[in-house]
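The values are calculated or read from the model by the stated rules, or taken from the named source; none is laboratory data. For clarity, every value in this text was computed on a predicted model and none was experimentally measured. Cβ placement follows ideal geometry from the backbone for every residue including glycine, while neighbour counts extend to all protein chains displayed.
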Amino acid sequence: MLILLFLFSIQPAEIIPLNHQFRTITVYKNRIYLAPLIGTTIYQMEGPDTFIPITFTDEIDYQIRNFKVTPFAIYFNNGKSIEKFYYTTGTMETIHTGDDIISFVIKPSGELILADRREHSIKILDFHYRPAYQINEIKVKDLWWFRERLYVLTRNSIVQYDRFGNFLKKSRLKYHTQKIRVDSTGIYLFSSQDSYLYLYDQKWHRIKLNHKISDIALMKNKIIILDDKGTTLYIYNN
């Protein structure tokens, strides 16, 4: 069971007001990318007041649950499919369809792993996006990939698998959260619209923030938090 040994508050190193409203955030090669919940365009942040638009569709009601940036393409999850947008051609390709895709990750090798909430399963696709293997009977809230290991957040636990989908470890949790992030510092858990961040680095910390959370991204030694209104970035040193 998760036992919280420390409760403390932290202050941001930097606060950046945004001139757009966003819902999700990701980092690729130390660049910040932001996306609205619904829209045709995501943005690459070049500075506090400089955003480069990347328009990937003409569907004005396109829903962006989450997205991943890679060297040659951006992958989007709209809940019913994973779609791949190519920079060079400006075209979009549907690479997988599902019932209720809650989360996905792209391995450095190019393989895709996704969780379908309705099917209670995790699917691992090969380089050609064909099903390679599947983990069944698991109710996933979120996925994360770090150092050849898959981290799966469920309602009351963190389950870890190796790169082949073999079970490694299960850790029980006391508090319910929605999202998981992992880096060399530790495991981060959080929920949208909450003001607490949970960090495991050999022991659990419950961190009180002075604002609520919409989404979190990790970059080098920094934690980047998009606030609940989607209009401000809070950058913390971890």
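Some notes on this structure:
- First in region 155-167 and in a loop (DSSP other than H, G, I, E, B), second anywhere and exposed (fewer than 14 other Cβ atoms within 10 Å of the Cβ), Cβ under 6 Å, 6 or more apart: R163/E148; G165/Y133
- Across region 170-178, not a single residue is classified as within 21 Å of K107 (Cα to Cα) and either aliphatic (A, V, I, L, M) or part of a strand (DSSP E or B) (or both).
- Residue within region 12-27 that is farther than 30 Å from I60 by Cβ, small (G, A, S) and either assigned to a strand (DSSP E or B) or at pLDDT 95 or above (or both) present: no
- Scanning region 65-78 turns up no residue that is in contact with a Pro (Cβ under 7 Å, 6 or more places away or on another chain) and either within 15 Å of A217 (Cβ to Cβ) or modelled with pLDDT under 95 (or both).
- Residue within region 201-215 that is touching a residue at least 60 places away in the same chain (Cβ under 8 Å) and touching a Lys or Arg at 6+ places or on another chain (Cβ under 8 Å) present: yes
- Close pairs (8 angstrom Cβ cut-off, 6 or more residues apart or separate chains): within 21 Å of K229 (Cα to Cα) in region 26-37, assigned to a strand (DSSP E or B) and of a type in the set (D, E, K, R) anywhere: T26/K68
Residue by residue, here is whether (1) closer than 19 Å to P36 by Cα; (2) within 16 Å of the chain's Cα centre (by Cα) holds:
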position: N66; (1), (2): yes, yes
position: P71; (1), (2): no, no
position: I82; (1), (2): yes, yes
position: T91; (1), (2): no, no
position: H96; (1), (2): no, no
position: I106; (1), (2): no, yes
position: E111; (1), (2): no, no
position: L114; (1), (2): no, yes
